[in-house]
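J.: Structure in structure tokens, see below.
The values are calculated or read from the model by the stated rules, or taken from the named source; none is laboratory data. Just so we're clear, the structure is a prediction, and the values are computed from it rather than from any experiment. FYI the Cβ positions are ideal-geometry reconstructions off the backbone, even for glycines, and counts take in every protein chain you see.
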Amino acid sequence: MTRPTPAVVPARMTRPTPAVVPARMTRPTLPLVPARPVTTGSALASARPVTTGPALAPARPVTTGDVQQTVNLRTNTEKAMNVPHPPGRPPVTGLPRRYRRFLRAVPALALAASLAAVTGCSSSAEADDLRTPCGLVVDGSGSGAAGGRGFDAEAKLKATLIPFLTERHCGTLSFAPVTRSSQTSSCRVGDVDLNPPGDEMSDRDSMRRSARLRAAQGALAMLKCARTQGGSDVIGALARIGDAVPSGKGTPSLLVVSDFEQADKEFTLRVREIATEESRERAVDTLLGDRGVPGIAGMDVYPVGYGMSHDAKPSEYRPFDAFWSEILTGRAKAHVHDDYRK
């Protein structure tokens with residue numbers, strides 16, 4: 001007998017084990033920071049600047065010496081370092097053009113700085129009372145030059161304009177030159193409103209300082225122009241300023257920077273010809289003749305430099321003073337004051 005063959009049992013099927021895939025690494029999410037707003041327009045102006053260290057000291061004004069020292073330093077440095085000059089550029093031997101322009105503006109800046117100092121010290125009550133119509137006469141004749149026998153019109157102008165404007169409470173300022181023909185002279189400067197209008201938001205002190213700066217610049221401009229025309233028609237300048245100041249706004253005050261030496265093509269004042277009362281009368285009649293009396297009746301006149309060429313000789317000053325007293329107070333009916341005479 002043969003052993004029977006056992007039945008073949010099929011093998012049990014098993015599910016294949018999947019391969020292990022490593023997990024994907026991810027970057028952690030960072031928290032969001034809110035963006036800083038960008039400031040533009042007027043907001044920039046309101047931002048307070050960040051400062052460190054001690055407060056900055058006020059800048060020292062630039063002087064002529066500083067400019068020249070800078071130029072010298074530049075020249076000496078180039079020489080020491082043997083720096084060749086570029087072709088076509090000569091070595092620095094004087095002030096550059098921009099500094100020459102600065103120096104030409106120094107007189108007006110100096111006068112303006114003095115004006116700013118005075119106006120900065122004035123009280124609000126004084127500033128609110130700027131109502132006087134004022135006039136300025138500046139003498140451009142040769143006798144107004146500096147040095148020698150000249151009375152130095154520019155120095156007199158700088159020394160007296162500031163106190164005149166403040167003490168007389170000037171609200172406006174008109175200008176007139178002394179030239180060979182003052183009434184028809186082409187030298188002209190527009191009137192300056194020294195008390196410009198504003199509203200409750202205006203900086204009135206700043207506005208008045210700016211107005212006085214324009215007045216100072218106008219005074220120097222008028223003097224510069226008058227010096228180009230020569231001559232000394234004082235009576236014509238008085239007539240012109242009398243017509244220029246506004247009327248109906250109070251009693252005008254006139255600052256007359258002149259030595260009052262009348263000398264034009266039609267009349268020249270000579271002291272020896274006015275030594276007696278009769279000769280002075282004739283001279284006054286001759287001068288006023290066709291010109292007429294200046295329209296300055298009732299105005300306050302403040303001469304500066306009056307009769308300075310005759311101060312050393314009383315015999316000359318007395319007839320000179322009598323001559324002009326007859327014109328100013330006798331004929332023109334003005335009120336003459338000595339506050340700024342010298």
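J.: Would you check which residues across the range 322-342 are of a type in the set (D, E, K, R) and under 22 Å from ALA159 (Cβ atoms) and list them?
T.: Listed by number, the residues that qualify are ASP338, ASP339, ARG341, LYS342.
J.: Could you say which residue among GLU281, GLU316, GLU261, GLU273 is under 18 Å from PHE151 (Cα atoms) and part of a helix (DSSP H, G or I)?
T.: Details: GLU281 fails: under 18 Å from PHE151 (Cα atoms); GLU261 fails: part of a helix (DSSP H, G or I); GLU273 fails: under 18 Å from PHE151 (Cα atoms).
Step by step, each of GLU281, GLU316, GLU261, GLU273 is checked, and only GLU316 is under 18 Å from PHE151 (Cα atoms) and part of a helix (DSSP H, G or I).
J.: Sort out which residues of the range 207-240 are more than 24 Å from the chain's Cα centre (by Cα) and part of a helix (DSSP H, G or I), and write them in order of number.
T.: VAL234, ILE235, GLY236, ALA237, LEU238, ALA239, ARG240, listed by residue number.
J.: Can you tell me which residues in the range 105-135 are part of a helix (DSSP H, G or I) and either more than 17 Å from ALA211 (Cβ to Cβ) or at pLDDT 90 or above (or both)?
T.: The answer is VAL106, PRO107, ALA110, ALA125.
J.: A follow-up question, please. In the range 184-209, how many are of a type in the set (S, T, N, Q) and either surrounded by fewer than 16 Cβ atoms within 10 Å (Cβ to Cβ) or in contact with a Phe, Trp or Tyr (Cβ under 6 Å, 6 or more places away or on another chain) (or both)?
T.: First, pick out the residues of the range 184-209 that are of a type in the set (S, T, N, Q): 184-186, 195, 202, 206.
Retained after the next criterion (residues that are either surrounded by fewer than 16 Cβ atoms within 10 Å (Cβ to Cβ) or in contact with a Phe, Trp or Tyr (Cβ under 6 Å, 6 or more places away or on another chain) (or both)): 184, 186, 202, 206.
Residues in the range 184-209 being of a type in the set (S, T, N, Q) and either surrounded by fewer than 16 Cβ atoms within 10 Å (Cβ to Cβ) or in contact with a Phe, Trp or Tyr (Cβ under 6 Å, 6 or more places away or on another chain) (or both): 4 in total.
J.: Further question on the same structure: Pick from THR160, THR179: which is over 13 Å from VAL256 (Cα atoms) and not aliphatic (A, V, I, L, M)?
T.: Details: THR160 fails: over 13 Å from VAL256 (Cα atoms).
Result: THR179 is the single residue among THR160, THR179 that is over 13 Å from VAL256 (Cα atoms) and not aliphatic (A, V, I, L, M).
J.: Inspect the range 175-186 for any residue being in a strand (DSSP E or B), of a type outside the set (A, V, I, L, M, F, W, C) and either modelled with pLDDT of 95 or more or on the phi < 0 side of the Ramachandran plot (or both) and give the result as yes or no.
T.: Filtering the range 175-186 down to residues in a strand (DSSP E or B) leaves 175-178.
Cutting the leftovers down to of a type outside the set (A, V, I, L, M, F, W, C) gives us 177.
Checking which are either modelled with pLDDT of 95 or more or on the phi < 0 side of the Ramachandran plot (or both) leaves us with 177.
Yes, some residue in the range 175-186 is in a strand (DSSP E or B), of a type outside the set (A, V, I, L, M, F, W, C) and either modelled with pLDDT of 95 or more or on the phi < 0 side of the Ramachandran plot (or both).
J.: Further question on the same structure: Scan the range 178-201 residue by residue and report those that are closer than 23 Å to LEU287 by Cβ, in contact with a strand residue (DSSP E or B) (Cβ under 6 Å, 6 or more places away or on another chain) and not polar (S, T, N, Q). So that I can check it myself, show each step before the final result.
T.: At the first step, the residues of the range 178-201 found to be closer than 23 Å to LEU287 by Cβ are 178-185, 187.
This time we only want the ones that are in contact with a strand residue (DSSP E or B) (Cβ under 6 Å, 6 or more places away or on another chain), so: 178, 185, 187.
Passing the criteria: VAL178, CYS187.
J.: Name, by its number, the condition in (1) in a helix (DSSP H, G or I); (2) surrounded by fewer than 18 Cβ atoms within 10 Å (Cβ to Cβ) that does not hold for THR251.
T.: (1)
Per-residue answers, yes or no, for (1) aliphatic (A, V, I, L, M); (2) farther than 27 Å from VAL293 by Cβ; (3) without any contact (Cβ under 8 Å) to a residue 40 or more places away in the chain:
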| site | (1), (2), (3) |
| --- | --- |
| ASP129 | no, yes, no |
| GLY135 | no, no, no |
| GLY150 | no, yes, yes |
| LEU173 | yes, no, no |
| ALA176 | yes, no, no |
| THR179 | no, no, no |
| LEU213 | yes, yes, no |
| GLN217 | no, yes, no |
| CYS225 | no, no, no |
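J.: Of the conditions (1) in a strand (DSSP E or B); (2) at pLDDT below 90, VAL138 satisfies every one except a single condition; which number is it?
T.: (2)
J.: Of the residues ASP290, ASP243, ASP285, only one is surrounded by fewer than 24 Cβ atoms within 10 Å (Cβ to Cβ) and modelled with pLDDT under 95; which?
T.: So the residue among ASP290, ASP243, ASP285 that is surrounded by fewer than 24 Cβ atoms within 10 Å (Cβ to Cβ) and modelled with pLDDT under 95 is ASP290.
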